[in-house]
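In what follows, a structure is listed as structure tokens, so that the remarks can point back to it.
FYI, it's all coordinate maths here, none of it is from the lab. None of these values were measured; they are calculated from a predicted model.
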Amino acid sequence: MSAAGTGGSGSRRPARPRGRDGRSTVDDPADPGVPEGLATTIALVRSRLGAGSIDRLWIFPPMTRGRRERGLVAISCFAETGRRRLLTAAYLARRRGRDLGVEPELVEQGLAPADSLPRVMNGVVRRESLQLGEPREIVIGGDAAKLNRLVAELEERVRVQGL
């Protein structure tokens, strides 16, 4: 029996980053994740912070395993001149049959100069051992219509996937 394609030594398949439990941590197109997790988390951010306070969002690629997903959204909120409040919204989402569980947690991380936040996000990506990829940066600029469009886009993605 050949080792090719089995993931063992001599395999032609590239190695995938592994988590502590040895499972793959990279999105697999066949791995559906739980898209409701991000949609629910962004809706929570909108309801708790209000669009008018949000400057921009960074949505980091989630770690998925079957119907479990862990994700992170970084939120820059307007503060005093030239500074921003930085918050994170981490979530754990899982689906079992028709049962859906989404546990978002919104945490204030601190205050920083507005121009330093892109460097902070790049640093997060560089230090991330799982190599999940670059975050999607979305400029809200306090505009409720932009945030509402994002929520509608995420909800539509859930609907299209038939979940």
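Structure values in brief
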| quantity | calculated |
| --- | --- |
| Net length gained if the chain between S53 and R98 were fully extended (0.36 nm per residue, minus Cα distance) | 12.7 nm |
| For segment 63-70, 3J(HN,Hα) per residue [Karplus equation, 6.51 cos²θ - 1.76 cosθ + 1.60, θ = phi - 60°, Hz, x = Gly/Pro] | 9, 10, 9, x, 9, 10, 8, 10 |
